[in-house]
Amino acid sequence: MRMLLIHSDYLEYEVKDKALKNPEPISEEQRKGRLDEVLAVFMSVEKIDETNPDEVVEKAVEEIKSVAEQVKAERIFVYPFAHLSSELAKPDVALKVLQRIEERLREEGFEVKRAPFGYYKAFRLSCKGHPLAELSRTIVPSGEAVS
Ligand SMILES: NCC(=O)N[C@H]1[C@@H](O)[C@H](n2cnc3c(N)ncnc32)O[C@@H]1CO
C-alpha cells in the first residue's frame, strides 16, 4: 500500500468517466464531494497487500491516525489513486481494503468521505504547505520486503 497524505484547506472531486468496466456503483449524490479542513489520503493498494489485507488495513489506519493527530485534522478523505504503484492489487481486493479503512477511521472518531472507486475524477486540492502537509507512507504485510 502506497499512501500520499496531503493536509488541505479542502479537497473536492467530480466523477467524470468510468475507468473500470465495472466501477463501484454510486448514487447521484456521490458524483461530487467536498471536505474542508481535511487530511486527504491518496492510496494505491498493491499486489503484496493481497497476502494479508486485514493487517494492511490496520497498519494504514494507525499511520493515518498518527498523521491526523500531528496535523490536528479531524476529517479524512480516502481517495482511491492507482498512480502511486506499478504493482496494483486487483480492483475487488483494493475496493474492499479502502472500504474497510473508511469504516475503521469512522470507528476511530474521524469524519470520513471516500471518493468513488473505478472512475476518472476531476479534483481540486488546496495543500496547506506547512512542513507536515505533504507526507508519503509505504505499508506492507509483516514478513514482506518493501520493494
Ligand atoms: N485517479 C483515478 C484512479 O486512480 N482511478 C482508479 C481507482 O479509482 C481504482 N483502482 C483500481 N485499482 C486500484 C488500486 N489497486 N488501488 C487504488 N485504486 C484502484 O480504479 C481506477 C482505475 O484504475
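Would you mention how many residues in segment 82-117 are among the acidic types (Asp, Glu), out of contact with any strand residue (DSSP E or B) (no Cβ under 7 Å at 6 or more places or on another chain) and in contact (Cβ under 8 Å) with a residue 24 or more places away in the chain?
1
Exactly one of these conditions fails for Gln70: (1) more than 16 Å from the ligand (Cβ to nearest atom); (2) polar (S, T, N, Q); (3) without any contact (Cβ under 8 Å) to a residue 40 or more places away in the chain. Give me its number.
Gln70 satisfies all of (1) more than 16 Å from the ligand (Cβ to nearest atom); (2) polar (S, T, N, Q); (3) without any contact (Cβ under 8 Å) to a residue 40 or more places away in the chain except (3).
Every residue, every condition in (1) at pLDDT below 95; (2) under 29 Å from Asp17 (Cα atoms); (3) out of contact with any Gly (no Cβ under 7 Å at 6 or more places or on another chain), yes or no:
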site: Lys47; (1), (2), (3): no, yes, yes
site: Val71; (1), (2), (3): no, no, yes
site: Ala89; (1), (2), (3): no, yes, yes
site: Gln99; (1), (2), (3): no, yes, yes
site: Glu103; (1), (2), (3): no, yes, yes
site: Pro116; (1), (2), (3): no, yes, yes
site: Tyr120; (1), (2), (3): no, yes, yes
site: Ala145; (1), (2), (3): yes, no, yes
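Which numbered condition trips up Arg124, out of (1) farther than 15 Å from Asp9 by Cα; (2) within 14 Å of the ligand (Cβ to nearest atom)?
(1)
Yes or no: segment 52-59 includes at least one residue that is open to solvent by 30 Å² or more (accessible area, probe 1.4 Å), within 16 Å of the ligand (Cβ to nearest atom), touching a strand residue (DSSP E or B) at 6+ places or on another chain (Cβ under 8 Å) and not polar (S, T, N, Q).
Initial filter on segment 52-59 (open to solvent by 30 Å² or more (accessible area, probe 1.4 Å)): 52-55, 58-59.
If we keep only those that are within 16 Å of the ligand (Cβ to nearest atom) too, we end up with 52-53, 59.
Now restrict to residues that are touching a strand residue (DSSP E or B) at 6+ places or on another chain (Cβ under 8 Å): none.
Among the residues of segment 52-59, not one is open to solvent by 30 Å² or more (accessible area, probe 1.4 Å), within 16 Å of the ligand (Cβ to nearest atom), touching a strand residue (DSSP E or B) at 6+ places or on another chain (Cβ under 8 Å) and not polar (S, T, N, Q), which makes the answer no.
Going by the conditions given, is Asp36 farther than 17 Å from Lys113 by Cα, open to solvent by 50 Å² or more (accessible area, probe 1.4 Å) and either more than 10 Å from the ligand (Cβ to nearest atom) or modelled with pLDDT under 95 (or both)?
Numbers: farther than 17 Å from Lys113 by Cα: no; open to solvent by 50 Å² or more (accessible area, probe 1.4 Å): yes; either more than 10 Å from the ligand (Cβ to nearest atom) or modelled with pLDDT under 95 (or both): yes.
It is false that Asp36 is farther than 17 Å from Lys113 by Cα, open to solvent by 50 Å² or more (accessible area, probe 1.4 Å) and either more than 10 Å from the ligand (Cβ to nearest atom) or modelled with pLDDT under 95 (or both).
With respect to Pro25, determine if the residue is of a type outside the set (Asp, Glu) and within 10 Å of the ligand (Cβ to nearest atom).
No.
Tell me yes or no: at least one residue of segment 40-50 is surrounded by fewer than 18 Cβ atoms within 10 Å (Cβ to Cβ) and within 15 Å of the ligand (Cβ to nearest atom).
Yes, some residue in segment 40-50 is surrounded by fewer than 18 Cβ atoms within 10 Å (Cβ to Cβ) and within 15 Å of the ligand (Cβ to nearest atom).
Quickly run through segment 103-121 and pick out the residues that are among the small types (Gly, Ala, Ser) and away from the ligand (no atom under 16 Å from the Cβ).
Matches in segment 103-121: Gly109 only.
Say whether the condition of being surrounded by 15 or more Cβ atoms within 10 Å (Cβ to Cβ) and closer than 17 Å to Ser85 by Cβ is met by at least one residue in segment 9-16.
no
Can you find, within segment 60-75, the residue that is most open to solvent (accessible area, probe 1.4 Å) among those that are among the charged types (D, E, K, R) and part of a helix (DSSP H, G or I)?
Let us first name the residues in segment 60-75 that are among the charged types (D, E, K, R), namely 62-63, 65, 69, 72, 74-75.
With part of a helix (DSSP H, G or I) added as a condition, the list becomes 62-63, 65, 69.
On the way: Glu62: 94, Glu63: 61, Lys65: 47, Glu69: 114 Å².
Result: Glu69.
Taking segment 79-94 as the search range and keeping residues that are part of a strand (DSSP E or B) and within 7 Å of the ligand (Cβ to nearest atom), which one is surrounded by the most Cβ atoms within 10 Å (Cβ to Cβ)?
Pro80
The values are calculated or read from the model by the stated rules, or taken from the named source; none is laboratory data. This one's a predicted model, so the numbers in the text were calculated from it and none came from an experiment. For neighbour counting, all protein chains shown are included, and Cβ atoms are generated from backbone atoms with ideal geometry for every residue, glycine included. Only protein heavy atoms, including side chains, enter the accessible area calculation; ligands, DNA and RNA are left aside. Shrake-Rupley method; radii C 1.70, N 1.55, O 1.52, S 1.80 Å.
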